[in-house]
1. If we keep just the residues of the range 43-61 that are within 19 Å of the chain's Cα centre (by Cα) and of a type in the set (A, V, I, L, M, F, W, C), which is modelled with the lowest pLDDT?
2. So in the range 88-116, with the set limited to residues that are in contact with a helix residue (DSSP H, G or I) (Cβ under 6 Å, 6 or more places away or on another chain) and in a strand (DSSP E or B), which one is surrounded by the fewest Cβ atoms within 10 Å (Cβ to Cβ)?
3. Go through the range 61-87 and count every residue that is charged (D, E, K, R), touching a strand residue (DSSP E or B) at 6+ places or on another chain (Cβ under 6 Å) and either part of a strand (DSSP E or B) or surrounded by 19 or more Cβ atoms within 10 Å (Cβ to Cβ) (or both).
4. What single numbered condition from (1) at pLDDT 85 or above; (2) in a loop (DSSP other than H, G, I, E, B) fails to hold for ALA32?
5. Could you say which residue among ALA39, ALA64, ALA32 is more than 14 Å from ALA130 (Cα to Cα) and over 23 Å from the mean Cα position of the chain (by Cα)?
6. Kindly establish whether ALA113 is touching a Pro at 6+ places or on another chain (Cβ under 8 Å) and either of a type in the set (A, V, I, L, M) or at pLDDT below 90 (or both).
Amino acid sequence: MTGSEGTRTAEATAGGGRRFERSRLRLGLVLAVICGALAFLVLQGLGNATTYFYNADEALARRADLGDDRFRLQGTVVPGSVRPEGDGVAFRVEFACATVDVRHRGDPPELFADGIPVVLEGGFEGDTYASDRILVRHTSEYRTEEADRLALAAEQGCAR
């Protein structure tokens, strides 16, 4: 091999190596973006899954700690407390003789009524729980799966 041929071969090899390094860099960046997106989605899912769940008595006891954090509140709609208010409905829920005033924004679900167990999503705004979602537990499957929780709610209900 002459001197000029050896130089061309070395340059060709170096140029191919640079292209390989650029391809690896691009692949690494694409993989990093994909991993970042997946991590974001997983954390969002876990964030939603870890929305804390409190019975009305627990929420009242922890109101100072909860501040304006979002959490789920469980209780039974106090009979006679439901009234329309602005763009939603106001009512009270109770659990273990503790009562929480609720202001719900939007229309309540069709099965919403006095005396039924509900799970609300929202947070405290002052002394009132501001809800933007009402889950009505009415299916026989729920009653089977959550029998202990429902029995406890009935057992700890308040006499009227």
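1. For the range 43-61, the residue satisfying everything is ALA49.
2. Checked the range 88-116; the qualifying residue surrounded by the fewest Cβ atoms within 10 Å (Cβ to Cβ) is ALA98.
3. Going through the range 61-87 one residue at a time, the tally reaches 2.
4. (2)
5. Values: ALA39 fails: over 23 Å from the mean Cα position of the chain (by Cα); ALA64 fails: over 23 Å from the mean Cα position of the chain (by Cα).
From the options ALA39, ALA64, ALA32, the qualifying one is ALA32.
6. Working: touching a Pro at 6+ places or on another chain (Cβ under 8 Å): no; either of a type in the set (A, V, I, L, M) or at pLDDT below 90 (or both): yes.
Criteria not met by ALA113.
The values are calculated or read from the model by the stated rules, or taken from the named source; none is laboratory data. Given the structure is predicted, the values throughout are model-derived calculations rather than measurements. Every residue, glycine among them, receives a Cβ derived from its backbone with ideal geometry; neighbour counts consider all protein chains shown.
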